[in-house]
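These notes concern the structure reproduced below.
Laboratory data are not the source of any read-out in this text; all were calculated from the coordinates shown. As the structure is a computational prediction, the values presented were derived from the model and not from experiment. FYI the Cβ positions are ideal-geometry reconstructions off the backbone, even for glycines, and counts take in every protein chain you see.
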Amino acid sequence: MTNPKLEIQSIRKQIEDHNYRYYILNDPIISDGEYDSLFRTLESLEQKYPDFVSIDSPTQRVGNKPLNSFGTLAHRIPMLSLANAMNQDELKAFYNRIMKQLDNKSIFTFVGEPKLDGIGVEVVYENGQFIHGSTRGDGYTGEDISLNLKTIGAIPLILRNHKLPPPKLLEVRGEVFISKSDFKQLNSIREKDEDPPFANPRNAAAGSLRQLDPKLTAKRPLSVYFYEAGMIDGHTFDSHLEFLTVLNKWGLPTNPYINECLDLDSLIQYHEKMESIRNEIPYEIDGTVFKIDHYPTRGILGTRSRSPRWAIAGKFQAQQATTVIHEIDVQVGRTGALTPVAKLEPVFVGGVTVTNATLHNQDEIDRKDVRIGDTVIIERAGDVIPKIVKVVSEKRNKDSYPFIIPKQCPVCGHEANRFGDDVVIRCTNLSCMAQLKGHIEHFVSKLALNIDGFGEKIVDQLVDKSIIKNIDDIFSLSVDIVANLDRMGEKSAKNLIEAIASSKQTTFARFIYALGIRNVGEHISKVLEKYFLGDLDLFQKTTQEELENIDEIGPIVAETIIQFWSDHDNISMVTHCMELGVSFEKIQLPEHQPLKDTTFVFTGSFDQFTRVEAKNMVQKLGGKATGSVSKKTNYVIAGPGAGSKREKAESLNIPILTEEEFLLLVKSF
Ligand code: IVH
């Protein structure tokens, strides 16, 4: 195709069609890779012909600029909530009320829907174009989260024109949520990145929609189902089922479990069915919703101030139960976290028998005053590990006794510590069996040594068979050993060993990141690389004070680094890696090096540059900036507030420069 405008339009249409097949028909006909490549073609065409970029192009889903705050959007029709039916009797009462209100005259049927446990939103389309979207807020006004909603692939930017063209105005309401499996994956990534995990999928969805930077929202696996109308101008529907069918045709996803319910019995049946399959559904639901199908009948029934008379939410039985704690075990996770787990008298709750419940950490045990022998109420929320809600204090047994998490790792016996404000106690031994798998996975991961083909299954086998006892054992693996693992052939074994060998030529920053020192992520590793200029020896011998003097490194990061190097096992593991051939790319020093072998210390505050900028200026000229004053220091640059370092420089007769003098010196080269 030679006309770029037509080509761009054609690719956009193809992408929209593929979205429709994927999100609505559940029947994609191309692979993710093919879809990505189509997307990239569109991106590059639009880059070449920027005049043809339009706001509803699929490339425009992720905005560039973060917001300072969310604006507000009024709902033209209030977003009401639902009255609850807590049990069958209340569901019957709802049905009878409606019958009475309709004078036993009209025939009425219902639509049964799962009650999705996510975040209610409203999206507004004008002539089929996404205009904006908002949260429910107080029902009358919500937050303008348009930019974040646009990042969700399942929300079309343009509605499909499927025989029935989209109306002039369509306000459509639905629930944004994160599936159970996406939630697990999201939390495991967060754990790896040392971000606090979300408590449940609902919180994860809420947190994701409330990001001021839409780029961050775009990274979250958000899904959506639409289930109600706001204001519609340009088309009238007779019934809810008809509305939902047309939504689908326009490209708006609706829930596949929605069903027509003709009478009270079928309401009850639908509710029971949904409750019984609740755990098999790939996302969290916390009940059912029953709505009158026929719109004019809804109009007769009307609404109360906060909820419509024509709908009700059927609540599921609380997934709680009472049981007894027989014991408290301590489990060690892949990050070394010691987690207390209550061993319970088995109890049937929410469709499964529960024998364990997490107690999270010592603070939680103390706050809830949980003791071994106590009778407790436990709760199960979907796939989340059951937790202890509270102790039934009236039933406290006189023999019950408190529990304190030991200071030793129960797996390797190594010391376990709490760092800074962290509520979690962690085993500090990198080679602890329980942690080893996690550490290896991190060590070989993309941003670390990036060893291709070193998947979780291989790690598990190598550790379980005690072939790898320490991280450095990775470098002693041979083709023979690897080829003997399950599902490993000679060829893939060879590839893996080659990948391991070539990973040895790495960078200081990657290696430091690979060590998985707590709080030392990808960025801090780069900060350390810049400061220590790839000198592992200097890094190993650093002090808390020196580290704290490095810009962007605070006392907690400094403490964990010092703790890491104070452990002999860690030192010998790192030394062994170097002996086995790990080496770092040379840090490129500038050619013009008038400050070679010159060491600076910056102390106090400065007006014209930050510490990082000052350090960069020095490094660009071949010099070095360190944190503490010693005989080796050549200049101390002192700003207001300089204290002991200035005194030390004076006592050692080291020249002390002001901020201005330093700038003059730097500019003189
Ligand atoms: S209909 C007037 N349908 O439940 C009816 N709501 O308590 C308005 N929800 O804020 C809502 N699944 O966020 C409806 N299938 C469903 C739903 C559902 C979940 C949420 C929604 C609403 C809350 C009402």
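Bridges between two residues of the stretch 534-669, per DSSP, are antiparallel at a rate of about 0%. Between M578 and T303, residue separation times 0.36 nm minus the direct Cα-Cα distance comes to 91.7 nm. Applying 1/(1 + (r/R0)^6) with R0 = 35 Å to the Cβ-Cβ distance of D233 and I30 gives a FRET efficiency near 0.45. Less than 5 angstrom separates the built amide H of E260 from those of G112, all sequence-distant by 5 or more or on a different chain. Projected onto their three principal axes, the Cα atoms of the chain cover extents of 101, 79, 62 Å, largest first. For the stretch 432-493, just say rounded, prolate or oblate: build the C-alpha gyration tensor, square-root its eigenvalues into a ≥ b ≥ c, call rounded for a/c under 1.5, and beyond that prolate if a/b exceeds b/c, oblate if not. Oblate. Here the peptides 59-65, 491-497 are ranked by packing, the mean other Cβ count within 10 Å, and the order with the highest first is 491-497, 59-65.
Compute the Cα gyration tensor for the stretch 518-596, then decide on rounded, prolate or oblate, letting a ≥ b ≥ c be the square roots of its eigenvalues: rounded whenever a/c is under 1.5, prolate when a/b is larger than b/c in the other cases, and oblate in all that remain. It comes out oblate by the Cα gyration axes. Over all other residues within a Cβ to Cβ distance under 9 Å of L73, the charged ones net out to -3, with Lys and Arg as +1 and Asp and Glu as -1. For V389, nonlocal amide neighbours, meaning residues 5 or more places apart or on other chains whose placed amide H falls under 5 Å from its own, are I377, I378, E379. Peptides 300-312, 221-233, ordered by how many other C-beta atoms sit within 10 Å of their residues on average, highest first, read 221-233, 300-312. Starting from the amide H of Y227, placed 1.01 Å from N in the peptide plane, find each other amide H under 5 Å away whose residue is 5 or more places distant or on another chain. Those qualifying (amide H under 5 Å, at least 5 residues apart or on another chain) are R173, G174, E175. For the chain, the longest principal axis of the Cα atoms and the long axis of helix 264-277 meet at an angle of about 20 degrees. The distance between label points at S181 and F39 comes to 1.9 nm (points 7 Å beyond Cα on the Cα→Cβ vector). For the pair E498 and D567, a Förster radius of 41 Å applied to the C-beta separation gives a FRET efficiency near 0.80, rounded to the nearest 0.05.
Backbone phi angles across the stretch 145-152, fed through the Karplus curve with coefficients 6.51, -1.76 and 1.60 (θ = phi - 60°), yield HN-Hα couplings of 10, 3, 4, 6, 5, 4, 6, 7 Hz in residue order; Gly and Pro are listed as x. Within the stretch 356-452, the trypsin sites (Lys or Arg not before Pro) that combine a DSSP coil assignment with at most 14 other C-beta atoms in a 10 angstrom radius are R396, K398, K407, K446. For the chain, the longest principal axis of the Cα atoms and the long axis of helix 433-444 meet at an angle of about 80 degrees.
For the pair E327 and I385, label points projected 7 Å from Cα toward Cβ lie 1.7 nm apart.
Placing pseudo-labels 7 Å out from each Cα toward the beta carbon at T245 and L538 gives an inter-label distance of 7.4 nm. Rounded to the nearest 10 degrees, the inclination of helix 555-565 to the longest alpha-carbon principal axis of the chain is 60 degrees. Counted residue by residue at 0.36 nm each, then reduced by the alpha carbon distance between them, the extension gain from S445 to N634 reaches 64.0 nm.
Per residue, the average separation of C-alpha pairs within less than 8 Å and at least 6 apart gives the chain a relative contact order of 9 percent.
When each of the peptides 633-639, 88-94 is scored by the mean number of other C-beta atoms lying within 10 Å of its residues, the order from highest to lowest reads 633-639, 88-94.
Apply the a/c threshold of 1.5 to the C-alpha gyration tensor of the stretch 393-447 and tell me whether it is rounded, prolate or oblate. Note, shape of the stretch 393-447 comes out prolate.
Taking R0 as 60 Å, what's the FRET efficiency between T610 and S476 from their Cβ-Cβ distance, rounded to 0.05?
So the FRET efficiency works out to roughly 0.85.
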